[in-house]
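First up is the structure itself, then whatever we jot down about it.
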Amino acid sequence: MKLFNIILIFAGLIFTSIGMIGVLVPVLPTTPFLILASICFMRSSEKFDKWLRNTKIYKNYAEDFIRDRSMTLRRKAKLMFISDLMLLFPLIKLESPYMRAFIIFIIMTKYWYFIFKIKTKKEQG
């Protein structure tokens, strides 16, 4: 096994762990970490990729996004709110107008992406 594959497997395990913690901790988003884990495993190990795709957490939080690039409105809102909170701190603390403009650009780009690029699907059940 190549060193690069080992590094990707290790990164995938870390992202999976953070994603699982995100299920329990409301301010930590689950979906992005599971998507990152999926990318790492997909490029490094068929065995780990298959394992992740068969977990209940993956099926509940990331499968729909990876399959058809869609999320429920509730999940979109939660991810956007949490990321806004994380970006609000440096926006307030930084004094550089260039850094503030950059953070505002990131926020606007995030909203554009979530609204126009990720389909919204209806809640099941």
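List of remarks:
- Scanning the range 87-98 for residues that are part of a helix (DSSP H, G or I) and surrounded by fewer than 12 Cβ atoms within 10 Å (Cβ to Cβ) yields PHE89, ILE92, LYS93, PRO97, TYR98.
- Of all the listed residues (LEU34, LEU24, LEU13), the sole one being more than 14 Å from the chain's Cα centre (by Cα), without any contact (Cβ under 8 Å) to a residue 40 or more places away in the chain and under 25 Å from PHE114 (Cα atoms) is LEU24.
- The condition of being under 17 Å from PRO32 (Cα atoms), outside the structural domain of ALA37 (by TED's automatic domain parsing) and among the aliphatic types (A, V, I, L, M) holds for ILE82.
- Sub-8 Å Cβ pairs linking a first residue in the range 89-110 that is assigned by TED's automatic domain parsing to the domain that holds ALA77 to a second residue that is surrounded by 12 or more Cβ atoms within 10 Å (Cβ to Cβ) and of a type in the set (Gly, Ala, Ser), at least 6 apart or interchain, are LYS110/SER83, ordered by first then second residue.
- Matching residues, the range 1-40, being outside any helix (DSSP H, G or I) and surrounded by fewer than 18 Cβ atoms within 10 Å (Cβ to Cβ): MET1, LYS2, VAL25, PRO26, VAL27, LEU28
- Summed over the range 53-86, the residues that are over 15 Å from LEU28 (Cα atoms), hydrophobic (A, V, I, L, M, F, W, C) and surrounded by 15 or more Cβ atoms within 10 Å (Cβ to Cβ) give a count of 3.
- Scope the range 71-83; condition more than 14 Å from the chain's Cα centre (by Cα) and of a type in the set (D, E, K, R); matching residues: ARG74
- For the range 58-70, the criterion of being of a type outside the set (Lys, Arg), farther than 17 Å from LYS122 by Cα and under 14 Å from the mean Cα position of the chain (by Cα) is satisfied by at least one residue.
The values are calculated or read from the model by the stated rules, or taken from the named source; none is laboratory data. Please read these numbers as outputs of a predicted model, since none were measured by experiment. Quick reminder, even Gly has a Cβ in these numbers, built from the backbone with ideal geometry, and neighbours come from all protein chains shown.
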